[in-house]
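Everything below concerns the one structure shown next.
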Amino acid sequence: RKQETMAPVFLSEEDDGFEDARQGAYRDFVVESAAALPESLHEGYRRAFRQLRKDGLFRHDVVQAGGKVLSKTFVRRTLVGEPGITYKYLGLRIFAHPWRGDGSAAPTKACALVGQLNEALKARTKALLEEDGSRRSGSCDFNLTLINEMEAMENDPALRQSPLG
């Protein structure tokens, strides 16, 4: 039997073909090392994830693959963004948890923190565009953040590959 060779699922800067893929499909994508960002930003992300988990804002998707029984996915996700914004995914419209108050309710601590991190990323993006010196137009505003989290299957028996009970 012929041995199949598979391309790697992820490419890193050290891989052959990384730069070709970046230039071909992600021409303006900027790769920075983790060390290029302040530790306070990294800690902010860790705090936000802990708080999102604590607040119970991550949800499993439920899918019906091939028209068979309903089952949970192995990924949990949450959407955080501008008040009232939505995102359509797999035919399902998801409403964002607001990261700032909309006049009727204040955001959760976790969502407000994600909003602060969004502001930091917007500032970093603007600085990178200015450093680039090109005359690119458009916005570097981000109005929502889709956050995915995958837990190890052995840690959550409810995520086994079986129909919903």
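The values are calculated or read from the model by the stated rules, or taken from the named source; none is laboratory data. Not measured: the values here are computed from a predicted model. Here the Cβ is made from the backbone with ideal geometry for all residues, glycine too, and neighbour counts use every protein chain on show.
In the set (1) in contact with a helix residue (DSSP H, G or I) (Cβ under 6 Å, 6 or more places away or on another chain); (2) exposed (fewer than 10 other Cβ atoms within 10 Å of the Cβ), the condition left unmet by V80 is number (2). Within the range 109-138, the residues that satisfy the criterion of being in contact with a helix residue (DSSP H, G or I) (Cβ under 9 Å, 6 or more places away or on another chain) and closer than 15 Å to E82 by Cβ are C111, V114, Q116, L117, L121. The range 23-130 holds strands (runs of 3 or more DSSP E) entirely within its bounds, and those carrying 1 or more residues that are in contact (Cβ under 8 Å) with a residue 24 or more places away in the chain and not hydroxyl-bearing (S, T, Y) map to 59-63, 71-81, 92-95.
The set of residues in the range 83-126 that are of a type in the set (S, T, Y), surrounded by fewer than 18 Cβ atoms within 10 Å (Cβ to Cβ) and under 15 Å from F49 (Cβ atoms) is empty. Summed over the range 131-150, residues that are in contact with a Leu (Cβ under 9 Å, 6 or more places away or on another chain), in a loop (DSSP other than H, G, I, E, B) and either surrounded by 13 or more Cβ atoms within 10 Å (Cβ to Cβ) or modelled with pLDDT of 85 or more (or both) total 2. Applying the criterion of being farther than 25 Å from R136 by Cβ and not charged (D, E, K, R) to the residues of the range 11-37, the residue that is farthest from the chain's Cα centre (by Cα) is G17. When A34, A25, A48 are checked against the criterion of being at pLDDT below 90, closer than 30 Å to K109 by Cα and out of contact with any Pro (no Cβ under 9 Å at 6 or more places or on another chain), a single residue qualifies: A34. The lone criterion from (1) closer than 22 Å to N143 by Cβ; (2) over 15 Å from the mean Cα position of the chain (by Cα) left unmet by A48 is number (2).
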